[in-house]
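This report refers to the structure that appears directly beneath it.
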Amino acid sequence: MARSVWKGPFVDGYLLNKAETSRASGRNEIIKIWSRRSTILPQFIGLTFGVYNGHKFLPVVVNENMVGHKFGEFSPTRTFTGHSADKKAKRG
């Protein structure tokens with residue numbers, strides 16, 4: 001279920017502070033975050049975030065198409081190795 005419009009998008013407070021600091025410094029460094037539940041805001045466009053997937057930080061470069069989505073959508077937590085039974089079907 002989606003979040004109520006009157007509440008606005010959810011973003012962890014520390015994330016806004018980190019983004020402002022990074023943009024003010026002018027250096028394009030990776031901002032490490034653990035908040036996969038936070039919504040991507042227009043202020044984050046052009047920044048690179050390292051989103052933690054439970055194992056490592058995956059770099060996510062935010063562009064304008066990502067606004068409104070969650071950070072967790074761009075950092076998969078599971079690796080799909082494929083179905084072992086599909087090998088027969090591919091041969092024929």
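The values are calculated or read from the model by the stated rules, or taken from the named source; none is laboratory data. Note that the coordinates shown come from a computational prediction; the quantities given were computed from them, not determined experimentally. As a convention, Cβ positions derive from the backbone with ideal geometry for all residues, glycine included, and neighbour counts pool all protein chains shown.
For (1) polar (S, T, N, Q); (2) modelled with pLDDT of 95 or more, each residue gets a yes or a no:
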site: Glu20; (1), (2): no, no
site: Thr48; (1), (2): yes, yes
site: Val61; (1), (2): no, yes
site: Lys70; (1), (2): no, yes
site: Arg91; (1), (2): no, no
- Message: Just the residues that are of a type in the set (S, T, N, Q) and touching a residue at least 24 places away in the same chain (Cβ under 8 Å), please, taken from the stretch 1-53.
- Response: Ser22, Ser35, Ser38, Thr39, Gln43, Asn53
- Somewhere in the stretch 15-29, is a residue touching an Asp or Glu at 6+ places or on another chain (Cβ under 9 Å) and surrounded by 16 or more Cβ atoms within 10 Å (Cβ to Cβ)? yes
- Message: Which of the numbered conditions does Ala24 fail, given that it passes all the others? Conditions: (1) of a type in the set (A, V, I, L, M, F, W, C); (2) part of a helix (DSSP H, G or I); (3) closer than 21 Å to Thr77 by Cβ.
- Response: (3)
- Query: Among the residues of the stretch 31-48 satisfying the criterion of being part of a strand (DSSP E or B) and surrounded by 14 or more Cβ atoms within 10 Å (Cβ to Cβ), which is farthest from the chain's Cα centre (by Cα)?
  - Reply: Ile31
- Which numbered condition Thr77 misses (of (1) in contact with an Asp or Glu (Cβ under 9 Å, 6 or more places away or on another chain); (2) closer than 22 Å to Arg3 by Cβ; (3) surrounded by fewer than 16 Cβ atoms within 10 Å (Cβ to Cβ); (4) not charged (D, E, K, R)): (1)
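In the stretch 49-67, which residues are of a type in the set (A, V, I, L, M, F, W, C) and assigned to a loop (DSSP other than H, G, I, E, B)?
Val62, Val67 - these are the residues of the stretch 49-67 that are of a type in the set (A, V, I, L, M, F, W, C) and assigned to a loop (DSSP other than H, G, I, E, B).
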